[in-house]
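Report on the following structure.
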Amino acid sequence: NSYTDSEEKIGYALADVRDKIIIATKSAYRKGDADMVKRNVELSLKRMKTDYIDILQFHNPDFCPGEDDPAYQYLLEMKRAGVVRHIGITNHRLFVAHQAIESGLYETLQFPFSVLATEKDIEVVEKCREADMGFICMKAMSGGLIREPRATFAFLQRYPHVVPIYGVQRMEELREWLALDAQPPVWDEGLEASIEKERRELSGDFCRSCGYCLPCPQGLPIPNAARIQFLMTRSPYK
């Protein structure tokens, strides 16, 4: 509910088909602060015009909240009441991802995953599968820097327990993903070759524009500065 007016839009657009969709949202997390999570859950329910949330996730905590944490206990109460159907966690840190999987407390993990994934990233995905834990893939297009939707789609189809977030912003993008879903491309040597250039240019640490480096004490737009080379060389000219 901290992502501008996204939840209001869901409420206006989808309230009349609520029984046909799965809604996942997040709450900010502060250690031991159940009241903050409670306020966020109540706000999300009101904005999305619903009386339950399918997946409620702790949003990028610095560590994995444990079972004795009051905030987690609150979500357990909401789960018993049917207000929250499943409890999840999101993160960008490998060690927190492993903590969450090993804790057995969370039903889903949302974590960055794409065709640029390293062996360590794939290990997290496989550990989720072995633990019967859902994996929600964020940054599937690495913040818009990957230019091969077909390769992205085919790569993620190799992991059937992974639910990707593609980052759709325009109707033509939505139509493109729906067309790929209707006729899924197969990951083959051709797609592998097409993505090798992406891997060479984007391998290692690069800015995915998550914004967790902000605010800058000097007021600098750090993500824009970190991405300017890619914005100049990889973005559509328009």
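State whether one or more residues within region 206-213 are at pLDDT 80 or above and either touching a Phe, Trp or Tyr at 6+ places or on another chain (Cβ under 9 Å) or small (G, A, S) (or both). Among the residues of region 206-213, not one is at pLDDT 80 or above and either touching a Phe, Trp or Tyr at 6+ places or on another chain (Cβ under 9 Å) or small (G, A, S) (or both), which makes the answer no.
Residues are listed down the side, and each one gets a yes or a no for (1) among the aliphatic types (A, V, I, L, M); (2) at pLDDT 95 or above:
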residue: N1; (1), (2): no, no
residue: G11; (1), (2): no, yes
residue: V17; (1), (2): yes, yes
residue: K20; (1), (2): no, yes
residue: S27; (1), (2): no, yes
residue: R30; (1), (2): no, no
residue: D35; (1), (2): no, yes
residue: L43; (1), (2): yes, yes
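Can you confirm whether Q218 is polar (S, T, N, Q) and more than 29 Å from N60 (Cβ to Cβ)?
Values: polar (S, T, N, Q): yes; more than 29 Å from N60 (Cβ to Cβ): no.
No, not satisfied.
This table checks each residue for (1) in contact with a helix residue (DSSP H, G or I) (Cβ under 9 Å, 6 or more places away or on another chain); (2) under 30 Å from E201 (Cα atoms); (3) at pLDDT 95 or above; (4) not basic (K, R).
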residue	(1), (2), (3), (4)
V96	no, yes, yes, yes
L109	yes, yes, yes, yes
V124	yes, yes, yes, yes
L145	yes, yes, no, yes
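Out of the residues in region 78-133 that are acidic (D, E) and under 16 Å from the mean Cα position of the chain (by Cα), which is nearest to A151 (Cα to Cα)? Looking at residues that are acidic (D, E) and under 16 Å from the mean Cα position of the chain (by Cα), I get D121.
Of the residues making up region 161-183, one or more are farther than 22 Å from F135 by Cα and in contact with a helix residue (DSSP H, G or I) (Cβ under 7 Å, 6 or more places away or on another chain). Among the conditions (1) touching a Lys or Arg at 6+ places or on another chain (Cβ under 7 Å); (2) at pLDDT 90 or above, I165 misses just one, which is (1).
The values are calculated or read from the model by the stated rules, or taken from the named source; none is laboratory data. Remember, predicted model here, so these are calculated numbers, not experimental data. Backbone-built Cβ (ideal geometry, glycine too); neighbour counts: all protein chains shown.
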